[in-house]
Amino acid sequence: MPGELSSVVTGVSLADYTGIELIVPCLRETDAAGIIEELSQRLRAQQAIGDVLSFYHAAVNHELLSNSALPSGLAIPHARSAQVSHLTLAVGRTRLPVAWGDKSCRPVEWVFLIAVPATDASGYLTLLASLAGLSRSPKMLARLHGATEAEGVLELLEEITVGPADRSKPPA
C-alpha cells in the first residue's frame, strides 16, 4: 500500500501475530539452531514463510551476530526475509532451560521467533519492544512460565498490546 510504513497496527495484541498452531508448549529441539529450525517449520506449515532453509539461515546468522537472549529467560530471534509473507510470531517453550548461543549466556526457556517481511521497515521493532516489555514484567513472566498449554500462552499474549503505548513502564 502506498505510504505504508509498518505492518504493526495500533490497538492489536501480540496474539494477533501468532496462533495456536504457532505455539509449541514443549519443543523437541535442545539448542538454539535446532529450536529456530523447529519454529521455522511451524511458520512454513502456516504459510507465513516460503523457503524454510533461506529463512532459517537468515535467522541463525542474525542470532550469531546479535544474541537475542534476555536475562528473563526469553530469547527473541528474528529475521527479515523476502520469504516472509506477513509479520508473524512463532513461540516455543524448551523442556529444560537452554544455553542460548555462547555457553556463558543465561539459560532460555521461552523462544519468540519473529518472521519479518523484507519490506517491513519498522513494524517488527514495535513487536520487539512489546516482547521486551513482557520480559520486564515479573507478573506476566510468572504467568508465562506457569502456562503449560498453547491456549494459555495465547490468552496471555492477547493481553499485551502492540503499538505506541506508554513504554515508560512494563505491562502489569
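Here, each number is a calculation from the coordinates, and none is a lab measurement. Note that the coordinates shown come from a computational prediction; the quantities given were computed from them, not determined experimentally.
Given only helices, namely DSSP H runs of n ≥ 4 each adding -39500 (n - 2.57), what is the per-residue ellipticity at 222 nm of the chain, to the nearest 500 deg cm²/dmol? The partial results should precede the final answer.
Working: 5 runs with 59 residues, N = 172.
When only DSSP H runs of four or more count, the value is -10500 deg cm²/dmol.
Please give the length that would be gained between Val52 and Asp102 if that part of the chain were fully extended, namely 0.36 nm times their separation in residues minus their C-alpha to C-alpha distance (nm, one decimal). All intermediate terms of the calculation are to be shown ahead of the outcome.
Working: separation 50, 0.36 × 50 = 18.00 nm, distance 2.44 nm.
15.6 nm is the gain from fully extending Val52 to Asp102.
Which label belongs to the value computed from this structure, given these candidates for Cα extents along the principal axes in Å: [x] 51, 43, 34; [y] 46, 37, 29; [z] 84, 28, 28?
The value computed from this structure is option [y].
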